[in-house]
Amino acid sequence: MYKSRRKFLQHGAMILPAISMITSCSSQEEEKATTAPIVVSTWDSGLAVNKIAWEILKNKGKAIDAVEKGANSIENTINCCVGLGGNPDRDGHVTLDACIMDENYNCGSVAFLEKIKNPISVARKIMETTPHVMLVGEGAYQFAISNGFKSESDQLSADASKEYKKWLVKSEYKPVINIEKQQGKVNNHAAPAKLEDGSFNHDTMGLLALDTQLNLSGACTTSGMGFKMRGRVGDSPIIGGGLYVDNEIGAATSSGQGEEVIRICGTHLVVEYMRMGKSPHEACKLAIERLVKINPVKAKTFQVGFLALNKKGECGAYAVLPGFAYSVTKGDEGGQVFQSESYFKD
Ligand code: SD4
């Protein structure tokens, strides 16, 4: 996984400051034209995920299919932070959180799900076949099995096993990441870990897509914070926390310290700012400012990044700390990675 990420970064992905995104998405320009289809996702690893989603979008497929298949593609790879290869909780079990939302306010979610490879597809199944939004734990697992999902081994991936053994030495429970971790000096899942080549290992995957029918959908999938307390659920499976889609206005997703996102109903807030006429970038910035205002001193110790896409195909992002990247794929020119602006500059 790490290797393949490096490879695609070498193959033409451009890391650009978010300001160039803002320029290319200036509101006057975008008033005239809709950029569709388009898919955006969290982190630089989103570029490979966008590629899968793009295949569906460019063939006039639906945004909901694009975000599901994109999310599946990363759930199927071994990495620290999404799917069964992710870092375990402090008892050594991998537990997955995911949610999905379509253009009609339909939503589905799973949390604390074990031994199932594609939580996003279980979430979609819940959305489409039950009267409910969210299933958790054993109930979600039983639902998945009864709907044909395979029960997988609960053995940790080689990387996760190595990380877990390292963690066990001190068994320090520190649910709030610090800046060192954010900068990749310590490999904690809630922060992206810096690789040898200077790029970042990714974190939670959030995807937002606008299809040729101008319908929006989104998906968010994660193994949650590494070495978390057993049973801990973050923002990623929470509708309005890790993901929100309002087909009249726009969509938003988040990555980072889930507890902080939940506190302000983060992605719902971002969408509401867009409803008030703010651009995706401004909306994300206002939501981050809201978060920082709660406790400016504490805010320096955690990372949260918001990513938003509006109905016109404009996108933008903003984070508490530097280091939050996002991937944008539109047109046939391929994808680009952008570095988000942040509230704190270092
Ligand atoms: C969580 N938001 O479980 C997820 C983790 C994450 O970047 O996104 N980390 O809180």
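For Lys293 and Met276 in the same chain, what is the full-extension length gain: residue separation times 0.36 nm, less their Cα-Cα distance, in nm?
Using 0.36 nm per residue and subtracting the Cα-Cα distance, I get 4.1 nm.
Chymotrypsin sites (Phe, Trp or Tyr not before Pro), restricted to the stretch 211-299: which are DSSP loop and have at most 10 other Cβ atoms within 10 Å?
Nothing satisfies the criteria.
What GluC sites (Glu not before Pro) in the stretch 224-264 are in a loop by DSSP, with at most 11 other Cβ atoms within 10 Å of the Cβ?
Sites meeting the loop and neighbour criteria: Glu248.
Tell me which aspartates and glutamates have Cα within less than 20 Å of Lys298's Cα, excluding those fewer than 8 residues away on the same chain?
The qualifying aspartates and glutamates are Glu172, Glu180, Asp235, Glu259, Glu260, Glu289, Glu341, Asp346.
Express the relative contact order of the stretch 206-321 as a whole percentage, based on alpha carbon pairs under 8 Å and six or more residues apart in sequence.
Computed over the stretch 206-321, the figure is 24 percent.
Can you list the residues of the stretch 97-134 with backbone N under 20 Å from a point 7 Å past the Cα of Arg263, pointing along Cα to Cβ?
none
Of Trp43, Trp167, which has the most accessible area and how do the rest follow, probe 1.4 Å?
Sorted descending by solvent-accessible area, the residues read Trp167, Trp43.
For the stretch 208-297, state which trypsin sites (Lys or Arg not before Pro) are in a DSSP loop and have at most 15 other beta carbons lying within 10 Å of their beta carbon.
Passing sites in the stretch 208-297 are Arg230.
Report the accessible area of Asp332, computed with a 1.4 Å probe over the heavy atoms of all protein chains in place, in Å² rounded to the nearest 10.
130 Å²
With θ taken as phi - 60° and the coefficients 6.51, -1.76 and 1.60, list the Karplus ³J(HN,Hα) couplings across the stretch 334-346 in order, rounded to whole Hz; mark glycine and proline as x.
x, x, 9, 9, 10, 8, 6, 6, 9, 5, 8, 8, 8
Quick one: length gained pulling Met229 to Glu138 fully straight, 0.36 nm per residue minus the C-alpha distance?
Separation in residues times 0.36 nm, less the Cα-Cα distance, equals 31.0 nm.
Select from Pro131, Phe112, Leu156 the residue farthest towards the positive end of the dipole of the stretch 105-159; place +1 on Cβ of Lys and Arg, -1 on Cβ of Asp and Glu, and compute about the Cα centre.
Pro131
The values are calculated or read from the model by the stated rules, or taken from the named source; none is laboratory data. These numbers were taken from a predicted model, which means no experiment stands behind them. Glycine gets a Cβ as well: all are built from the backbone with ideal geometry, and neighbour counts include every protein chain shown. Calculation scope for accessible area: heavy atoms of the full protein, side chains included, ligands and nucleic acids excluded. Shrake-Rupley method; radii C 1.70, N 1.55, O 1.52, S 1.80 Å.
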